[in-house]
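First comes the structure, then the notes that go with it.
The values are calculated or read from the model by the stated rules, or taken from the named source; none is laboratory data. These numbers come from a predicted model, not from an experiment. All Cβ positions, even for glycine, are placed from backbone atoms using ideal geometry, and neighbour counts span all protein chains on display.
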Ligand code: TRP
Ligand code: SF4
């Protein structure tokens, strides 16, 4: 629920489909923890998805629901936070127009992540000249997402900090041009997140097929963990292992195990008291145990097929009301006829 005394937070995630453990540990756990202290707005960034996948939209609706379901299963609470869909809040698009007028083109051009996105387009063998107007303007749209609620803080990963800096620059420019102090300059809120690698040692990601989904069954989780990289020099079970060189499995232990368990595994590995197969089996049990309440809740929520849709629609209604209040102030500041 919105609350005047609490500082505001806005953050969003693209609808990429079912979420994995990297999302959970890197983002969601943190979002869940912020819910009591802050007035939180969390949204599914479906317009942002269109910036790169405008011609591949068959799954977008399903992906939106899958993301929302994972969010709620992980503990985002529609009673505490405003959970909404970006495209259901047209006020953000409207604000984007006003911001796009005052944003110098070269501020957008120097955006570092835009270069990465351009690379994605290139990898999809599309000519760079096909970088769309919308993709190019995506940092300004992100600014509109944040300023639509006049946020105080934006919890993001390090890769998104440049965007929050741009948001601050645009907010300041708006205030200067229209001689107002209307917009806050929102600050990034970084979390110290343990980086959870994919099972092959690369960054965890859906497209690399190296992830464990929040919604995976216990069997699938076990199977996936069995493919995880271990100490590559350890060939036979009676070879002594080196946890420090166990790229993935031991790293996971450090996230999922207690200190005691981690020490025990470390010791048993070094003394060849435990084989990698057994170690992985134990880890999978541990991961499944940790995820059990989340997975149960997910199944529970899924039983009512309308529930998720209702949550998205109700949350978006609340977001629209708040964003319209901010928009009214913008019309006033810009001196638009209204
Ligand atoms: N750009 C972010 C990402 O790709 C998602 C996002 C869109 C976002 N708008 C935002 C995050 C506003 C925080 C605030 O991960
Ligand atoms: Fe890694 Fe465990 Fe094998 Fe040791 S026993 S190398 S910690 S998987």
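Starting from the range 310-338, keep only residues that are over 23 Å from residue 175 (Cβ atoms), then list their pairs with residues that are assigned to a helix (DSSP H, G or I) whose Cβ atoms are within a distance under 6 Å, requiring at least 6 positions of separation or different chains.
Pairs found: 312/68; 316/88.
I'm checking my understanding of the structure. Among residues of the range 204-240 that are outside any loop (DSSP other than H, G, I, E, B), under 21 Å from the mean Cα position of the chain (by Cα) and without any contact (Cβ under 8 Å) to a residue 12 or more places away in the chain, which one is surrounded by the fewest Cβ atoms within 10 Å (Cβ to Cβ)? It would help to see each step written out before you state the result.
Looking only at the range 204-240, we keep the residues that are outside any loop (DSSP other than H, G, I, E, B), and these are 206-208, 213, 218-226, 231.
Then drop every residue that is not under 21 Å from the mean Cα position of the chain (by Cα), which leaves 206-208, 213.
Applying the additional criterion that residues be without any contact (Cβ under 8 Å) to a residue 12 or more places away in the chain yields 207-208.
Details: 207: 7, 208: 12.
Checking each candidate, the answer is 207.
I want to confirm something. Restricting to the range 24-52 and keeping residues that are modelled with pLDDT of 95 or more, within 11 Å of ligand 1 (Cβ to nearest atom) and farther than 24 Å from residue 131 by Cα, which single residue is surrounded by the fewest Cβ atoms within 10 Å (Cβ to Cβ)?
Only one residue tops the list, namely 31.
Please go through the range 179-197 and pick out each residue that is touching a residue at least 24 places away in the same chain (Cβ under 8 Å) and either touching a strand residue (DSSP E or B) at 6+ places or on another chain (Cβ under 6 Å) or farther than 17 Å from residue 9 by Cβ (or both). Don't jump to the end; show me each part of the working.
Going through the range 179-197, the residues touching a residue at least 24 places away in the same chain (Cβ under 8 Å) turn out to be 180, 182-184, 186-191, 193-197.
If the condition is that a residue be touching a residue at least 24 places away in the same chain (Cβ under 8 Å) and either touching a strand residue (DSSP E or B) at 6+ places or on another chain (Cβ under 6 Å) or farther than 17 Å from residue 9 by Cβ (or both), then 180, 182, 186, 187, 188, 189, 194, 195, 196, 197 are the ones that fit.
In this structure, does residue 49 turn out to be without any contact (Cβ under 8 Å) to a residue 60 or more places away in the chain and assigned to a helix (DSSP H, G or I)?
Details: without any contact (Cβ under 8 Å) to a residue 60 or more places away in the chain: yes; assigned to a helix (DSSP H, G or I): yes.
When the stated conditions are applied, residue 49 passes them.
Sort through 173, 168 and tell me the only one that's at pLDDT 95 or above, crowded, with 17+ Cβ neighbours inside 10 Å and in a helix (DSSP H, G or I).
Values: 173 fails: crowded, with 17+ Cβ neighbours inside 10 Å.
After applying the criteria, what remains is 168.
Under the condition of being in a helix (DSSP H, G or I) and closer than 24 Å to residue 119 by Cα, which residue from the range 146-165 is farthest from ligand 2 (Cβ to nearest atom)?
Keep residues of the range 146-165 that are in a helix (DSSP H, G or I), which gives 146-147, 158-165.
Retained after the next criterion (residues that are closer than 24 Å to residue 119 by Cα): 158-165.
Working: 158: 28, 159: 29, 160: 33, 161: 34, 162: 37, 163: 38, 164: 38, 165: 40 Å.
Per the criteria, the residue is 165.
Go through the range 238-248 and give me each residue that's more than 9 Å from ligand 2 (Cβ to nearest atom) and either in contact with a strand residue (DSSP E or B) (Cβ under 6 Å, 6 or more places away or on another chain) or modelled with pLDDT under 90 (or both).
Listed by number, the list holds a single entry, 238.
Can you report the number of residues in the range 242-257 which are outside any helix (DSSP H, G or I) and closer than 18 Å to residue 199 by Cβ? Give the derivation first.
Taking the range 242-257 first, the residues outside any helix (DSSP H, G or I) are 242, 246-248, 257.
Retained after the next criterion (residues that are closer than 18 Å to residue 199 by Cβ): 246-248, 257.
So the count comes out to 4.
With the requirement that a residue be within 24 Å of residue 21 (Cβ to Cβ), exposed (fewer than 15 other Cβ atoms within 10 Å of the Cβ) and near ligand 2 (Cβ under 9 Å from one of its atoms), what does the range 249-279 give you?
Across the range 249-279, the qualifying residues are 277, 278.
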